[in-house]
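Have a look at the structure below before the remarks.
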Amino acid sequence: MSTHTKLQLRHQLPFIKFWFARVFTASGFQMLAVAIGWHMYELTGSVLDLGLVGLAEFFPRLLFILWTGHVADRFDRRRVAATCQGLQGLIALALVLGTGGLGVTREMIFVLAFLLGTARAFEGPATQALLPSLVPTSLFPAAVAASSSAMQTATIVAPALGGLLFAIGPLWVYGPVALLFALACSLMLSLPKRPAPPKQTGPAMENLLAGMRFIRSRPDIFGAISLDMFAVLLGGATALLPVFAKDILLTGPSGLGLLRSAPAVGALLMSFWLARYPINRQVGRVMFAAVGVFGLATIAFGLSTSFWLSMGVLVVLGAADMISMVIRGAFVQLETPDAMRGRVSAVNGLFIGASNQLGEFESGLTAHWFGTVPAVVIGGVGTLIITGAWMKLFPTLANRDQLHRDLD
């Protein structure tokens with residue numbers, strides 16, 4: 001990214017407000033995720049409950065999949081995003097009240113996790129679809145890169161900060177989180193209002209399913225996002241990090257925060273590398289190789305009994321995942337017409353949510369059945385199997401040489 005481009009982007013006040021709103025939201029969620037996971041494990045000591053928290057967060061994405069994108073395309077995206085951020089702030093306030101005297105229970109955490117998942121399910125498509133309208137088309141790639149780097153930075157700092165604050169006391173986490181969401185809500189509402197969306201014609205169900213049909217009609221896009229979904233679903237061990245931190249690596253909440261930050265460190269470093277050395281050739285092979293490295297890193301993490309080795313392996317895991325994210329984003333972002341960006345983002349968000357929250361449930365369930373370490377190792381092996389299978393199912397994606405024709 002040239003200095004001239006950076007200066008131009010820096011002069012886009014709406015983007016700056018959007019950038020800070022996204023950083024505050026990402027930071028608040030990461031801190032909340034660390035605190036809720038540790039709080040639940042302290043309450044119940046159950047790995048299955050950790051997985052069920054992930055399932056409770058994912059279920060709204062599946063339940064409201066047809067409506068999240070429709071709402072983003074039909075209504076003011078600023079207000080949709082701000083409403084969702086306000087709800088997340090109220091969830092943090094509920095935990096403040098519970099911790100302060102009313103008591104936080106297992107059932108309360110499940111209910112709040114469901115509400116958190118609902119807010120994020122509607123927020124994601126609205127914010128993703130909002131970005132292209134805030135900057136000139138020529139600056140959009142730079143805006144995506146800047147937004148991605150900012151999100152990864154928040155993902156590095158916030159979990160570690162959340163773990164450190166939780167070690168002092170839960171109130172020290174939930175209070176600042178509520179403030180972060182309030183700031184994000186205020187910034188989002190200050191963005192300029194976009195022109196009224198075009199009136200949707202045709203049967204309502206046709207409009208709701210348009211995003212799914214768009215992705216399914218492009219085999220390379222469908223193959224890329226489905227590969228990412230299944231690979232992270234099987235290989236993700238995020239839900240089990242409290243168990244590794246407390247029982248295997250023998251560290252506390254602060255160590256848990258560092259473990260959650262490690263993949264983001266790798267992702268951020270890789271984003272810097274890709275900005276300087278973009279993937280221009282053999283992109284299909286590079287993506288499949290990255291997913292394979294993700295699977296191998298998952299296996300290594302499951303077998304590690306050293307805190308610092310585990311940290312290093314998670315850094316590698318995050319770097320490999322970033323490569324997949326960049327390629328998937330190149331396929332999806334600029335190809336989609338503005339009028340249906342919300343619906344396409346909703347479907348893409350379902351894939352991402354499935355790989356993260358549903359993956360947490362899968363990890364918790366297999367850990368309950370087989371034990372924590374075998375569950376992670378089995379998941380890593382499953383990722384390698386999926387990688388090989390997808391190379392056979394999507395040969396044009398595996399053999400794809402360049403991205404340029406999709407970014408014209």
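The values are calculated or read from the model by the stated rules, or taken from the named source; none is laboratory data. These numbers were taken from a predicted model, which means no experiment stands behind them. Note that we place each Cβ from the backbone using ideal geometry, even for glycine, and neighbour counts take in every protein chain shown. SASA here: full protein model, heavy atoms, side chains in, ligands and nucleic acids out. Shrake-Rupley method; radii C 1.70, N 1.55, O 1.52, S 1.80 Å.
Data table
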{"quantity": "For segment 250-255, 3J(HN,Hα) per residue [Karplus equation, 6.51 cos²θ - 1.76 cosθ + 1.60, θ = phi - 60°, Hz, x = Gly/Pro]", "calculated": "6, 10, x, x, 5, x"}
{"quantity": "With DNA, RNA and ligands ignored, accessible area of Arg10 (1.4 Å probe; Å², nearest 10)", "calculated": "140 Å²"}
{"quantity": "16 Å tail of the calculated P(r), segment 247-301, as % of Cα pairs", "calculated": "60 percent"}
{"quantity": "At R0 = 51 Å, FRET efficiency that the Cβ-Cβ distance of Thr105 and His11 yields, to 0.05", "calculated": "0.55"}
{"quantity": "Estimated dipole of segment 18-138 in Debye, rounded to 20 [Cβ of Lys and Arg +1, of Asp and Glu -1, Cα centre]", "calculated": "360 debye"}
{"quantity": "Two-decimal Rg/Rh across segment 17-113, once Rg and the Kirkwood Rh are taken from alpha-carbon atoms", "calculated": "1.01"}
{"quantity": "Relative contact order, percent, segment 215-325 [alpha-carbon distance under 8 Å, six or more residues apart]", "calculated": "35 percent"}
{"quantity": "In order through segment 303-311: 3J(HN,Hα) via Karplus (6.51 cos²θ - 1.76 cosθ + 1.60), integer Hz, x for Gly, Pro", "calculated": "8, 6, 10, 10, 4, 6, 5, 4, 4"}
